[in-house]
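Colleague: Here you go, one structure.
What follows draws every value from the coordinates through simple rules; no lab data is involved. Keep in mind that what you see is a predicted model, and the values were worked out from it rather than measured. All Cβ positions, glycine included, derive from the backbone under ideal geometry; neighbour counts span all protein chains shown.
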Amino acid sequence: MAHPAESAAPIRIDGTDGRGTRRLARAFFEQQGITYDGIDPDVDREAAAFVFHVNNGLRSVPTIVLPDGSLLVEPSLSALARKPGSVPSG
């Protein structure tokens, strides 16, 4: 379930709803029962600046920030499942 940016969920997805990879990432987290902040860089200027900055001037979405601060950019579902911190432990 998505939360507003101010909720400080441990995972942040910067991307637009029109991108299939963002929809896949959201579905993945929701199926895992993981909360996340969904931020649209088309609406949020700070998110747009962040996406450009971390992707060397490219608008690569979704850009996902995991709890350890690592990034996944336009990841496949298998890349999400392999990345520690993107699925609950235990």
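Colleague: With +1 on the Cβ of every Lys and Arg and -1 on the Cβ of every Asp and Glu, and nothing else charged, how large is the dipole of region 2-82 about its Cα centre, in debye rounded to the nearest 20?
Modeller: 280
Colleague: How high is the relative contact order of region 2-82? Use alpha-carbon pairs under 8 Å, at least six apart in sequence, and give a whole percent.
Modeller: Worked out over region 2-82, it gives 35 percent.
Colleague: Which number do you get for Rg(Cα) / (2.2 N^0.38 Å) in region 2-82?
Modeller: Output field value: 0.98.
Colleague: Work from the charge dipole of region 2-82 (Cβ charges, +1 for Lys and Arg, -1 for Asp and Glu, about the Cα centre) and give the residue of 16, 63, 78 farthest towards its positive end.
Modeller: Towards the positive end, the residue furthest out is 78.
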